[in-house]
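Novice: Below you will find the structure I want to go over with you.
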Amino acid sequence: MEESDDGQYDYLFDDDDDDDYDKDVGSDSGPQPQADHLLMQLTDLLASTPHPPPPRTTPPTTIPGFHLYRTHLPPTLLASYTTWLTARYFSSPTSNQAMHFGPLLDPTTPLGYLARLCRPLRHNPLAFDQAIVNMYAAGEGIGDHVDLRRFMDGICGVSFGAPAVMRLARVMGGGGGGWQERYAEEVEGEDAVYVEVRPGDVYVLEGEARWKWTHGFPRQIEGRDNVVGRRISVTLRTLVPDE
Ligand SMILES: O=C(O)CCC(=O)C(=O)O
Ligand SMILES: [Fe+2]
């Protein structure tokens, strides 16, 4: 582990128990000098950008507990975030996933700002203390899954870069608790809901949407690549405390 630029622990994790992801996880290359410079630029921008008030209404969806907030990240921050995330986490061609552990309480840091933005959007009142940063190259995706039980209810995802279609599908045959495993059973298309997620959008998974529906970004939809350029997501979660 290494001390990260915002005083928390960041590291890239290996893929031993994560082979359900359909992308490789690279090794840590450490913070980059260019990333430090970009961080200063982004931090200045964050300081001069007021926090948007939480939206009063959420777009209607058919899935209880799934909410999508369009352009919830101020559009003026998008480019700087995308550049900084790329330089900070994905400077090595082998890395496409990074994890952060530690309370995200400081809104003057990039991840803390996102946490501040997302916190009012979920019912869980606790602070986010885990973030995963995923990078998808064109043609990549992430298979249908339900996030691990070690993450509490109320998961928020912020998107950068290329837009992509998220697929949510009701977990079938959940009787034995299998629906809580990372790989939920595949379900047939007619039960799936497809939602386009664009840069700056925030989605929230809680309640039924978090536990009883899978989510993923298919590699292809109707024979065409779903992600057509680089997409980066920051997923914010709260760990269940150790017993
Ligand atoms: O890229 C995304 O928005 C989804 C990431 C995700 O589902 C995960 O890391 O568990
Ligand atoms: Fe997930």
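Novice: With respect to L105, determine if the residue is at pLDDT 95 or above and closer than 21 Å to R150 by Cα.
Specialist: Working: at pLDDT 95 or above: yes; closer than 21 Å to R150 by Cα: yes.
When the stated conditions are applied, L105 passes them.
Novice: Do we have L126 as more than 18 Å from M166 (Cβ to Cβ), over 14 Å from the mean Cα position of the chain (by Cα) and surrounded by 23 or more Cβ atoms within 10 Å (Cβ to Cβ) here? Spell out how you get there, then give the answer.
Specialist: Working: more than 18 Å from M166 (Cβ to Cβ): yes; over 14 Å from the mean Cα position of the chain (by Cα): yes; surrounded by 23 or more Cβ atoms within 10 Å (Cβ to Cβ): no.
No, not satisfied.
Novice: Are any residues in region 137-151 surrounded by fewer than 21 Cβ atoms within 10 Å (Cβ to Cβ), more than 9 Å from ligand 1 (Cβ to nearest atom) and modelled with pLDDT under 95, and if so, which ones?
Specialist: Hits for region 137-151 are G143, R149, R150.
Novice: Being over 15 Å from the mean Cα position of the chain (by Cα), within 13 Å of ligand 2 (Cβ to nearest atom) and closer than 23 Å to R88 by Cβ is the filter here; which residues of region 133-158 pass it?
Specialist: If the condition is that a residue be over 15 Å from the mean Cα position of the chain (by Cα), within 13 Å of ligand 2 (Cβ to nearest atom) and closer than 23 Å to R88 by Cβ, then no residue fits.
Novice: Exactly one of these conditions fails for A184: (1) farther than 30 Å from P53 by Cβ; (2) at pLDDT 85 or above; (3) surrounded by 20 or more Cβ atoms within 10 Å (Cβ to Cβ). Give me its number.
Specialist: Answer for A184: the failing condition is (2).
Novice: Another question, if that's okay. Among the numbered criteria (1) at pLDDT below 90; (2) more than 14 Å from ligand 2 (Cβ to nearest atom); (3) under 16 Å from Q97 (Cβ atoms); (4) among the small types (G, A, S), which one does G178 miss?
Specialist: Status for G178: all satisfied but (3).
The values are calculated or read from the model by the stated rules, or taken from the named source; none is laboratory data. Keep in mind that this is a model prediction, so the values were computed, not measured. Here the Cβ is made from the backbone with ideal geometry for all residues, glycine too, and neighbour counts use every protein chain on show.
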